[in-house]
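Read through the structure below, which is laid out as structure tokens, and then see the notes.
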Amino acid sequence: AVPAISNAHRLAPGSSVIQVPQRLLMGPGPANADPRILAAQSLPLLGHMHPPFLKIMDEISEGLRYTLQTDSKYTLMVSGTGHAGMEAAIANLLEPGEKIIGIWGTRVADLAARYGGDVIELKADAGRSFSLEELTTALETHKPALLFLCQGESSTGVHQSLAGLGDVCKRTGTLLLVDTVCSLGGVPFFFDKWGVDCMYSGSQKCLSAPPGGAPFALSERALEKLKGRKTKPATFNLDMNLIGDYWGWFNSRSYHHTGMVSMCYALREALSIVQEEGLDNMWSRHLEMHEMLWHGLKKLGLEPFVERDADRQDPTPARTPLTRAGAGVTFCSRAPGAGVDWAAVVKNAMDKYYLEIAGGLGPTAGKVWRIGLMGYNARPQNVELVIDAFRDGLQKQGKL
Ligand code: PMP
């Protein structure tokens, strides 16, 4: 006989329909998704090998080429969040015993060690980026297989300039791997011109889609490395030989896993929106919102955590002299004077304004607030609300 069904874990009566409160997500991510993208996500499912779906996958690859400014054939969306992109990069481009040097916190170092890499961590004070000279010295000293950099650091708001590195990496036989989870769409990025070999990103920040898809790209040089490996990547799920095959990189299509059909619709729509607005306009909009925010916060006595202008600006030669602050997406503020209860400001913003801002993370824990101005959310009315919420939160503590 079949055992009796237990009712111990049924949802409480009256809660069978999901309830989701409205929140304005102005922390380090996710940002609110564009309603147009949410609508695309609810379109009818297709089979993951149906020709109309394969066409949508191709459109994603093409849309990524525009967004990343690359002619590389090797672009796709990894099924998973930014971490899946990160793991895919490490697992495929690093062979056991090879050297990787990098900066982003401990995550990549941990991942690289799990895949047998010889990890050399470059340490800088929180709130500072690395100069081309410093990175050149590190590359020439270690001649690593991989250099890992994070373009927009979401725990500190530091922007890492990438210009000029590609050439040095080529000289030292190093592949240049860049995390753009927080920055893609918010600040200039030129995959080909900057000689990037591998890039991964996330869908939930400046691209205004829900979390779940990781834009991913390889250069020709990175593909050669993948194809020339002595060992198979130690992951089946994220083996880019197999995933690339599913995405049509090698002129055939084989099943590897069930593609995230609805997530692909979302990213496909997100990339159309990027194209409609145009990268120039997107970057300028993020910059304007950044300036508006800082103008407001400075009046309240707050200061940027990242002190050196050079670490908040992108001096790379975009067409216009775009300066870019705080990685373009996450802006950190020092607490104004001792004795401010930062958590009370965060709580007041949520309780009264249904607004998410965040505290620090890792090296910035307890020291800063983190405010994201990303994608769909990077618009004046949201910036005004953030400033109002800070004013109110500080006034309540008698700090204004
Ligand atoms: N890199 C950076 C710079 C990030 O900000 C994040 C997420 N906050 C990640 C990687 C990881 O992405 P995910 O949470 O989507 O896995």
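The values are calculated or read from the model by the stated rules, or taken from the named source; none is laboratory data. Because the structure is a prediction, the values reported are computed rather than measured. Please note: Cβ atoms are built from the backbone with ideal geometry, for glycine as well, and neighbour counts cover all protein chains shown.
Among the residues of region 163-174, is there at least one that is under 19 Å from the mean Cα position of the chain (by Cα) and buried (at least 22 other Cβ atoms within 10 Å of the Cβ)?
No - not one qualifying residue is present in region 163-174.
Residues being within 16 Å of the ligand (Cβ to nearest atom) and part of a helix (DSSP H, G or I): count how many of those fall in region 69-104.
Count: 10.
What number goes with the only condition from (1) part of a strand (DSSP E or B); (2) within 12 Å of the ligand (Cβ to nearest atom) that residue 205 does not pass?
For residue 205, the failing item is (1).
Which one of these does residue 245 not meet: (1) part of a helix (DSSP H, G or I); (2) in contact (Cβ under 8 Å) with a residue 24 or more places away in the chain?
Every condition holds for residue 245 apart from (2).
Can you work out which of the residues in region 209-219 that are crowded, with 24+ Cβ neighbours inside 10 Å and within 14 Å of the ligand (Cβ to nearest atom) is farthest from residue 262 (Cα to Cα)?
So the residue we want is 216.
Which residues, counting only those in region 163-177, are touching a Ser or Thr at 6+ places or on another chain (Cβ under 7 Å) and in a loop (DSSP other than H, G, I, E, B)?
163
Name the one entry in 383, 346, 340, 329 that is closer than 30 Å to residue 58 by Cα and either crowded, with 19+ Cβ neighbours inside 10 Å or at pLDDT below 90 (or both). Steps first, answer last, please.
Details: 383 fails: closer than 30 Å to residue 58 by Cα; 346 fails: closer than 30 Å to residue 58 by Cα; 340 fails: closer than 30 Å to residue 58 by Cα.
Checking each option against the conditions leaves just 329.
Check 222, 163 and return the single one that is touching a Cys at 6+ places or on another chain (Cβ under 6 Å) and away from the ligand (no atom under 16 Å from the Cβ). Before the answer, list the steps.
Values: 163 fails: touching a Cys at 6+ places or on another chain (Cβ under 6 Å).
Of 222, 163, the one residue that is touching a Cys at 6+ places or on another chain (Cβ under 6 Å) and away from the ligand (no atom under 16 Å from the Cβ) is 222.
Filter region 172-202 down to the residues that are away from the ligand (no atom under 16 Å from the Cβ) and among the hydroxyl-bearing types (Ser, Thr, Tyr), then identify the one that is farthest from residue 154 (Cα to Cα).
172
How many of the residues making up region 22-70 are buried (at least 20 other Cβ atoms within 10 Å of the Cβ), among the hydrophobic types (A, V, I, L, M, F, W, C) and farther than 14 Å from residue 246 by Cα?
9
Does residue 284 meet the test of being over 28 Å from residue 114 (Cβ atoms) and under 19 Å from the mean Cα position of the chain (by Cα)?
Answer is yes for this residue.
Scan (1) in contact with a Cys (Cβ under 8 Å, 6 or more places away or on another chain); (2) more than 16 Å from the ligand (Cβ to nearest atom); (3) among the β-branched types (Val, Ile, Thr) for the single condition residue 120 breaks and write down its number.
The failed condition is (1).
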